[in-house]
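Novice: Below is a structure I'd like to ask you about.
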Amino acid sequence: MLKFVKIADFSKKEFIVVLTLSFALIACIGLRFARDNHWNLDPVRIISAENEGKSYQIDINSADWRELTLIPGVGQKKAIDIVKYRAKHGNFHSTDELRNVEGIGNSILDAIKNMVVVNNTGE
């Protein structure tokens, strides 16, 4: 039979409570860590999405990189480059300014021009 070891003048009941709370704390920390690291799953990458005839415009001054990937021809890298450019140079004043973003030339801009809009109400 196991003998109870008295630690730091805790009674047996107090020791069990402290031990239980310690395990609960460790479990919560572990769950938080696992949740923050997405259980080590690979991120979901959208290969393509069907438009189904619906039209939309995305404000390039407020959209995050995930929203920008909804624009055909703008993948994750270009979307992140757009957000980085905006963070460095401030809001876009016109859609033509997208040409200044690395990887976006005239052909891409012409293809996406009707899907993007510049809203400067936040300035």
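Each value in this text was obtained by applying a stated rule to the coordinates, not by laboratory testing. Remember, predicted model here, so these are calculated numbers, not experimental data. Note that we place each Cβ from the backbone using ideal geometry, even for glycine, and neighbour counts take in every protein chain shown.
Novice: Any idea how far apart K88 and R35 come out in nm if each label point goes 7 Å out from Cα toward Cβ?
Specialist: So the label points at K88 and R35 sit 3.6 nm apart.
Novice: Could you please rank I26, I82, I108, placing first whichever residue has the fewest other Cβ atoms within 10 Å of its Cβ?
Specialist: Sorted ascending by nearby Cβ count, the order is I26, I108, I82.
Novice: Going by C-beta contacts inside 10 Å, put S11, S62 in order with the fewest on the left.
Specialist: By the 10 Å Cβ count, ascending: S11, S62.
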